[in-house]
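Colleague: Before I ask anything, here is the structure I am working with.
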Amino acid sequence: MFLQRTPKAQSELAPGQRSLGLRERSMLLLAEGTPLHQLQAMYHGEGAALVEQLLHAGYLQTANYTAAPPADATAGAPASAPTISLAGLRMYMFDLCERLFANRAHDTAQHLRQRLREARDVDSMLAVRDELLLAIQLHAGAQRAETIRQQLMHMLPERSLETS
């Protein structure tokens, strides 16, 4: 099962609109075209509560995609393994960067933020992903980096698996 954004969510994601926190906005960006079970598993299991909150508040609604993910999902991905848009992935990685580095490793956080702002295509996003995973490994250990690599692997286009 998949979720889709409602007009209320589209309004929230419009420039200048900020009534939700970064985590909720990230979930809105990720929701379109990502299987429900993946969303629920995000944020160390807190994704389920976020999804429920956004459904209840009218930002998301259920939708069963039988043929293909929505048009804003990353181009070229097979319908059986939907990916998220690069903008959604960027937002997710920004959130990871903030949660993992902003309070402890300011230089690393600043560097990764800048690299994320500059990433505009799949190849540059893959390069930033690799930098992020290396930083996670250095600061939080190999096991934590592997867990996040597995999460990100499901969000990127098929060819990203070759670079992991």
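The values are calculated or read from the model by the stated rules, or taken from the named source; none is laboratory data. Since the structure is predicted, the reported quantities are computational estimates derived from the model, not experimental observations. We place every Cβ from the backbone using ideal geometry, glycine too, and count neighbours over all the protein chains shown.
Colleague: Counting only residues that are surrounded by fewer than 16 Cβ atoms within 10 Å (Cβ to Cβ) and either modelled with pLDDT of 85 or more or of a type in the set (Val, Ile, Thr) (or both), how many does the range 12-30 have?
Modeller: Number of matching residues: 1.
Colleague: Test HIS44 against the stated conditions and say whether it is over 12 Å from the mean Cα position of the chain (by Cα), surrounded by fewer than 19 Cβ atoms within 10 Å (Cβ to Cβ) and in a loop (DSSP other than H, G, I, E, B).
Modeller: So HIS44 fits the description; yes.
Colleague: Somewhere in the range 31-39, is a residue among the small types (Gly, Ala, Ser), within 20 Å of ARG129 (Cβ to Cβ) and at pLDDT below 80?
Modeller: Yes - at least one qualifying residue is present in the range 31-39.
Colleague: Consider the range 105-143. How many of its residues are surrounded by 14 or more Cβ atoms within 10 Å (Cβ to Cβ) and not in a helix (DSSP H, G or I)?
Modeller: Number satisfying all stated conditions: 2.
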